[in-house]
Amino acid sequence: MDELSRQMDELEKEFGYVVGDFNTECVFDTALQLRGQEMFVDLLENAELVPHLFAVVAETQAQIASYVRPRTGTSSVWTNRSILNVTTDLPAQRLLCANDFPWNLRPGTLPVRM
């Protein structure tokens, strides 16, 4: 976060303003980057970790978007409806969607890209 803030400060100092969005991936993709292929094992075998990890990723993305929006005027984020193709298990789909889809309802994060 410090690096993002520093870079935004530098751009604002040089050009007088900052534009653009913080490019997030969907919650699942970010969690997958953090956990690697273990994420798929976690979905099946670590019932406590996955919802916690998704919630932390979603909240972190929300906090960053809340920081970026006042400085740039926008904070669109990515969600991923295609994640439903990862699994045909309905409980797993609910878990995967629980943190991505709420982006559709967060004030100030539109437009949401899918």
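The values are calculated or read from the model by the stated rules, or taken from the named source; none is laboratory data. This structure is a prediction, so every number in the text was calculated from the model and none was measured. Positions of Cβ are generated from backbone atoms using ideal geometry, with glycine treated the same way; all protein chains shown enter the neighbour counts.
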(request) Please state which of the following conditions THR72 fails to meet, knowing it meets all the rest: (1) at pLDDT 85 or above; (2) among the polar types (S, T, N, Q); (3) in contact with a strand residue (DSSP E or B) (Cβ under 7 Å, 6 or more places away or on another chain). (result) (3)
(request) Those residues that are free of Cβ contacts under 8 Å to residues at least 60 places away in the same chain and of a type in the set (Gly, Ala, Ser), I need them from segment 1-49; list them, please. (result) GLY16, GLY20, ALA31, GLY36, ALA47
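Given the structure, is THR30 modelled with pLDDT under 85 and crowded, with 16+ Cβ neighbours inside 10 Å?
Details: modelled with pLDDT under 85: no; crowded, with 16+ Cβ neighbours inside 10 Å: yes.
Answer is no for this residue.
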(request) Considering (1) farther than 24 Å from GLY73 by Cα; (2) surrounded by fewer than 17 Cβ atoms within 10 Å (Cβ to Cβ), say which one GLU3 fails and leave the rest. (result) (1)
